Amino acid sequence: MKELTAREEEVMRYFWDNEALFVKQLVEMYPDPKPHFNTLSTYVRSLEEKGFLSHESFGSTYRYYKVIGEEAYRNGTLKNVVKKYFGDSYLSVVSSLITEQDLSVDEVRKMLDEVEKLHNKK
């Protein structure tokens, strides 16, 4: 999965919160000062090229809709971070969290309990 820039992710949040949008609707949702229509249109086309959005035609205009949901993006991003920064080792991630966040033994046990519950559900 391709990575998003901060601005692309910002635009995607509107699509994750709404089913389908015209660029004009997207502009209206932004707080003041609103970005220019052409600016958002460029981001939307980029997101479509990356496979995050698709569109349906309504005459000479397009309504865009999400192809990749927020959870799928989040999971893909997490996998990329683990691979890039932790040598594809989830154990290294957990060790780093324990060390950096100074987690107590009780907090680690709670994490393990949650993992066991999730594993048992499968």
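The values are calculated or read from the model by the stated rules, or taken from the named source; none is laboratory data. All values derive from a computational prediction rather than experimental measurement. Note: ideal-geometry Cβ built from the backbone for every residue, glycine included; neighbour counts use all protein chains shown.
Being among the aromatic types (F, W, Y) and under 18 Å from E19 (Cβ atoms): is that true of Y73 here?
Details: among the aromatic types (F, W, Y): yes; under 18 Å from E19 (Cβ atoms): yes.
Yes, satisfied.
Within region 63-119, the set of residues being part of a helix (DSSP H, G or I), under 20 Å from M12 (Cα atoms) and aromatic (F, W, Y) comprises just one member, Y73. Annotation note: Cβ proximity below 9 Å between a residue of region 39-58 that is in the same structural domain as W16 (by TED's automatic domain parsing) and a residue that is among the aromatic types (F, W, Y) and in a helix (DSSP H, G or I) (sequence gap 6+ or interchain) occurs for V44/F15; L47/F15; F52/F15; F52/Y73; L53/F15. Candidates are the residues of region 48-79 that are over 10 Å from the mean Cα position of the chain (by Cα) and small (G, A, S); the one that is surrounded by the most Cβ atoms within 10 Å (Cβ to Cβ) is S54.
For region 32-49, which positions are outside any helix (DSSP H, G or I) and of a type in the set (D, E)?
D32 - this is the single residue of region 32-49 that is outside any helix (DSSP H, G or I) and of a type in the set (D, E).
When each of Y85, Y64 is tested for being under 20 Å from A6 (Cα atoms) and touching a strand residue (DSSP E or B) at 6+ places or on another chain (Cβ under 6 Å), the lone residue that passes is Y64.
Checking the structure you have, find out if any residue of region 50-60 is on the phi < 0 side of the Ramachandran plot and in a helix (DSSP H, G or I). Lay out the reasoning, then the answer.
Residues of region 50-60 that are on the phi < 0 side of the Ramachandran plot, as a first pass: 50, 52-58, 60.
Filter once more, so that each one left must be in a helix (DSSP H, G or I): none.
There is no residue in region 50-60 that is on the phi < 0 side of the Ramachandran plot and in a helix (DSSP H, G or I).
Among residues belonging to region 12-47 that are polar (S, T, N, Q) and farther than 16 Å from E70 by Cβ, point out the one that is surrounded by the fewest Cβ atoms within 10 Å (Cβ to Cβ).
So the residue we want is N38.
Against the conditions (1) under 23 Å from V81 (Cβ atoms); (2) part of a loop (DSSP other than H, G, I, E, B); (3) not hydrophobic (A, V, I, L, M, F, W, C), E9 satisfies every one except (2).
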